[in-house]
Structures are given as structure tokens and as C-alpha cells.
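First comes the structure, then the notes that go with it.
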Amino acid sequence: MESRSFDIIIAGAGASGLSLLWYLLHSEDRALRNKQILLADRQLSVIRDKTWCFWDGRFLPFEDLIHHSWKSLEVRAFGNTFTGTLSDYSYHCVKSDDYTARIFQLAREAGNVTLLEADILGFADAGGKAEMETSKGTFTAEMIFQSALKPPGLSTMKLDISLKQHFAGWHITSEKPVFDPEISTLMDFDVPQQSGVSFVYVLPFSRHDALVEYTIFSEELISDEGYAHGIESYIRERLELDSSQYKTIYTEKGTIPMEDRSYPARYCDNVWNIGTMGGLTKPSTGYTFTRIHRRNAEIAAALEAGKQPPDAAASPYRFRVYDMMLLYNLHHHPEISVTIFHELFRKNSFDNILGFLEEKTKFPQELKIFSSLPWKPFFKSIYALKHRIATGA
Ligand SMILES: Cc1cc2nc3c(=O)[nH]c(=O)nc-3n(C[C@H](O)[C@H](O)[C@H](O)COP(=O)(O)OP(=O)(O)OC[C@H]3O[C@@H](n4cnc5c(N)ncnc54)[C@H](O)[C@@H]3O)c2cc1C
């Protein structure tokens, strides 16, 4: 069993671990750039298992990693289609294999990054330092940033609503040119709604290929056959392709927590939680990618200034309240939720909605958005969640 010391350990080499590594290796501070870093994960090969979408590109390490961008989006509900052209944003997507390959290459070239393929078993404080226990030994560092394990304090955080966003996606190619690579379908709610609020999104990369993703917000997952049936039906009915007319070249599957609890900033004194384990998932949408990059840029800036990373809350108070209200309706009133989405996209511009979801809007804009929605469900959610809203959410 190995036992070694480093300056910094990054435990977990997914989106958050790799983006933090990128910020550290690109720091303007030479001392920080040259720190001895251990990057640990149970698997360190380059695989495609996620397709990340986001619309605020400012925090992405490499613009050229963007696989495709769309300026036009559409949403469908109750037989109506709402289309919008973005001016403030673009809707981007990055493939996880492109992202991972690039940052692994940087790590190999850097000379001060050690890679460790091992199971991470736990973290502890050790005499003013931090310790990581793995299947291959124990490693210490001044500080650890971890995205691999659930923080121990998580179960004690206030929690009223716990949903999952679960989904499966197929990247398909077809001989027939059925896609428009200029328009992405953000949400199509005109699919069966029996398992929870359900929609399909489509990321068309060319006339002949697209990722078709079937997504549900609910407490319980469904079977693999259930997802496959949802995607197949959509491809047959909406895209009008029968199974002999397309090939599936890649599949992905995932679950993202949609919860109203705050995540502890630290695992223990010298171990910071980052990424999903740092509570960076936006509770009402599941979007995490931009928030990961924003937070890691903040961590790197603090280290550059010789400070400890701030224990920042993921969102300002009023956005936490909005998230709780939306989550409450998604959980307790799935049928009203589709109406809420319908009205949201019918009465507001896509730029305003994306700005709101990115928490970039000001209070008057938010008031305008909420006044465009059915108000009764939101009043009910405020009443049901008053104990949380009154005590800081
Ligand atoms: C399929 C999928 C698609 C998504 N799409 C989007 C999207 O479009 N937009 C968006 O904003 N968000 C999206 N998300 C949510 C979020 O952005 C991703 O989950 C993102 O990868 C989170 O980054 P992370 O570093 O926290 O976790 P991960 O990327 O999952 O990284 C965690 C790492 O820890 C390692 N690990 C875990 N446990 C151990 C252990 N015990 N020992 C060793 N290693 C361990 C894993 O191997 C993994 O590499 C998606 C999530 C999934 C699952």
C-alpha cells in the first residue's frame, strides 16, 4: 500500500475535478500552477458517458471543446410549439470524452500532476492536513477537493422535497435528413406523463444525426425498457423514423438530484466538496455544468490570493425560494407543472427564461416572469413551505 504527500488532492476526475485541475494549471500564480497535485478516480480512461449542455459559456475552459451550439430553441406542450432565437446566449453542448481527453492531456504534459486509479474510500483531517484513504493506499495533502463521496453531513440538512431527474439518451444517425441542426428542442412535453413530469429533448448535430433524450422528474426511477420505449416511440411518432431507418451510435443514462437541501461546503476541515457533491446542481432544473465552472474559478482565485476557498452557498436566498416553489409543484402537482412550463414559454422570451434559470435576472424581471404563470400553485407552495422560507430556505 502506498502512502504519499501532495500539496493538493483532487478526488474525482469528472466535470468538477477536471475543471478545477484546469483552473489550477492555468493560474497566473506560478506557485499555485506548480503545486504537486494528485488526481484520483476509480477510472481514468477517456470515455463518452455524458453530453453537457449549458448556455453561459464564459466559464468554460476551452471554447473549441464545444461540439455544437444552437441559436434557436423550441419547446412543445399541449400541441403548441414555442420557438425562440437567442440573442444574449447560445445553447452549447460538450461531449464528456472531448473534455476528459483534453484535460488528461494537459495533466500529462504538466509534469506536476500524478494520476491515481483507485477506489476512494474516505477522507479525514490529519494534524492540520487532509487525508484520503483509497484501495491503493493513504494520501495526504494541504487540502482536498472531492466530488466522489456523499458528504457525511448531508443527511442532517433540511429537506422537504427530494426528486430525481432521470433520463436516457440515444445518439442516432439516419439516412433521411430529418433534423434541423440550427434548432434544438429544449423540452417536448407532448409525451406520456404517467411516471412524473416527462419530456424529450433533441440535440441535432447535423441533418442526419441527433441525441434524443427522454427525461422524467420523479421520486422513482423507471426500468431500462421504460426509457427505451419512451425514446423509440418519440423517434417513430415525432421524427417519423421506423427502427430500420436509423442506427443508434451511442447511449447515455443518468440521474441528477433535484432537492431543496443545501449541501455542506466541506466534508471535514480541509476537504471541500465540489461538483454535484458540493450541491452545485440547480434544484429545479438539474443544470450543474456552468455552476461547477463558476465555483471552481472562484476556488482557484481564492487559492491564488493565498486564502481558503469561501464556503459559498450555491444560490442567493430568493433563487432558493423560487427553486423550492418550482420543485414543490413538480413533486406534488405534475399535471399543473406542464401548464406552468407552457405559460412560461408562451409569455416570456427564451433569453429571459435562460437568464432567470442562470440566476442572472433582477427582482422586477423575476416578478414579471412569475406574474405570467398560474399563480395559485405558487401561493400553495409558499404556504406549504413557509417553515423553510421564513427560516432562510
Ligand atoms: C448523463 C448525464 C448528463 C448530464 N447532462 C448535463 C447537462 O446537459 N447540463 C448540466 O448542466 N448538467 C448535466 N449533468 C449534471 C452534471 O453536470 C454532471 O453530472 C457532472 O458530470 C457533474 O460533475 P461532478 O464532477 O460533480 O460528477 P462526475 O462528473 O460524475 O464526477 C465524479 C467522479 O468521481 C468518480 N468517483 C465516484 N465515486 C468514486 C469512488 N468511490 N472512488 C473513485 N472515484 C469515484 C467517478 O468515477 C467520476 O469520474 C448531467 C449528468 C449526467 C449523469
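The values are calculated or read from the model by the stated rules, or taken from the named source; none is laboratory data. Worth saying up front: this structure is predicted, and the values here are computed from it rather than measured. Virtual Cβ from ideal backbone geometry, glycine too; neighbours counted across all protein chains shown. Areas reflect the complete protein model, heavy atoms only, side chains present, ligands, DNA and RNA absent. Shrake-Rupley method; radii C 1.70, N 1.55, O 1.52, S 1.80 Å.
Given the options R291, R33, R108, state which has the largest fluctuation in a GNM of the chain using a 10 Å cut-off (strictly under) for Cα springs.
R108
Pairing the Cα long axis of helix 224-237 with the longest principal axis of the chain, what angle in degrees results, from 0 to 90 and rounded to the nearest 10?
40 degrees
Angle check, please: helix 289-304 long axis (alpha carbons) against the longest principal axis of the chain (alpha carbons), in degrees 0 to 90, nearest 10.
Rounded to the nearest ten degrees, it is 30.
For the chain, modelled as a GNM with alpha-carbon contacts under 10 angstrom, which of S16, S284, S223 fluctuates the most?
Taking springs between Cα atoms under 10 Å, the residue moving most is S223.
Run lengths n ≥ 4 of DSSP H only: what is the helix-derived mean residue ellipticity at 222 nm for the chain, with -39500 (n - 2.57) per run over all residues, to the nearest 500?
Working: 11 runs with 121 residues, N = 393.
Mean residue ellipticity at 222 nm (helix-derived): -9500 deg cm²/dmol.
Using all alpha carbons of the chain, what is the percent of pairwise distances in each 10 Å bin, ordered from the shortest bin to the longest?
All Cα pairs, binned at 10 Å, distribute as 5, 22, 31, 25, 14, 3, 0 percent.
Within the set K95/K368; K307/K386; K50/K368; K35/K95; K129/K164, which residue pairs have Cα atoms separated by over 32 Å? Could you put the intermediate results ahead of the total?
Working: K95/K368 35 Å; K307/K386 37 Å; K50/K368 35 Å; K35/K95 29 Å; K129/K164 35 Å.
Among K95/K368; K307/K386; K50/K368; K35/K95; K129/K164, the Cα-Cα distance tops 32 Å for K95/K368; K307/K386; K50/K368; K129/K164.
In debye, nearest 20, what is the charge dipole magnitude of the chain about its Cα centre with +1 on Lys and Arg Cβ and -1 on Asp and Glu Cβ, if you could check?
Values: 42 positive and 50 negative charges, 204 e Å.
Here the size comes out at about 980 debye.
Quick check: from the Cα gyration tensor, does the range 2-56 come out rounded (a/c under 1.5), prolate or oblate?
Details: a/c = 3.27, a/b = 1.28, b/c = 2.55.
Note, shape of the range 2-56 comes out oblate.
Taking only protein heavy atoms and a 1.4 Å probe, what accessible area per residue, in Å², does the range 213-335 have with all protein chains in place?
Working: 5280 Å² over 123 residues.
Value returned for the range 213-335: 43 Å² of accessible area per residue.
How high is the FRET efficiency between K307 and F62 when r is their beta carbon distance and R₀ equals 30 Å, given to the nearest 0.05? Walk me through the numbers on the way to the answer.
On the way: r = 27 Å, r/R0 = 0.89.
That pair, K307 with F62, gives E of 0.65.
Does the range 247-393 classify as rounded, prolate or oblate by the C-alpha gyration tensor (a ≥ b ≥ c root eigenvalues; a/c under 1.5 gives rounded; else a/b over b/c gives prolate, otherwise oblate)? Present the calculation step by step, with values, prior to reporting the outcome.
On the way: a/c = 1.79, a/b = 1.45, b/c = 1.23.
Note, shape of the range 247-393 comes out prolate.
GNM, the chain, Cα, under 10 Å: largest mean-square fluctuation among I47, I120, I299?
Judging by the Gaussian network model, the answer is I47.
What does the charge dipole of the range 301-343 about its Cα centre add up to, to the nearest 20 debye, if the Cβ of each Lys and Arg holds +1 and the Cβ of each Asp and Glu holds -1?
It comes to approximately 160 debye.
In whole percent, what relative contact order does the chain give with Cα contacts below 8 Å and a gap of six or more residues?
Working: 761 pairs, mean separation 75.1, N = 393.
Relative contact order here is 19 percent.
In Å and whole numbers, how far do the C-alpha atoms of the range 162-258 stretch along each principal axis, longest first?
Computed over the range 162-258, the largest-to-smallest principal extents equal 41, 25, 23 Å.
At a 1.4 Å probe radius, carbon and sulfur cover how many percent of the accessible area of the chain?
Values: 8870 of 17330 Å².
Within the chain, the accessible surface is 51 percent carbon and sulfur.
Out of the range 321-381, which trypsin sites (Lys or Arg not before Pro) are coil in DSSP terms and have no more than 11 other C-beta atoms within 10 Å?
Details: sites: R346, K347, K360, K362, K368, K380; in loops: K360, K362.
Loop-located and lightly packed - K362.
Calculate, in nm to one decimal, what T248 and F78 gain on full extension: separation in residues at 0.36 nm each, minus their alpha carbon distance.
On the way: separation 170, 0.36 × 170 = 61.20 nm, distance 2.87 nm.
Result: 58.3 nm gained on full extension.
Given Cα pairs under 8 Å that are at least 6 residues apart, what percent is the relative contact order of the range 84-190?
Numbers: 48 pairs, mean separation 12.2, N = 107.
Value for the range 84-190: 11 percent.
Using Cα atoms only, what is the angle between the long axis of helix 375-384 and the major principal axis of the chain, expressed in degrees (0 to 90) to the nearest 10?
That helix lies at roughly 40 degrees to the long axis.
Taking the alpha-carbon set of the range 330-393, what are its Rg and Dmax in Å?
Using the Cα atoms of the range 330-393, the pair Rg, Dmax is 12.6, 34 Å.
Name the longest site-free stretch of the chain, where the excluded sites are GluC sites (Glu not before Pro) in a DSSP loop with no more than 14 other beta-carbon atoms within 10 Å. Numbers along the way, then the final one.
Working: sites that count: E28, E175, E182, E219, E220, E240.
Counting only loop sites that pass the neighbour cut-off, the longest clear stretch is 241-393.
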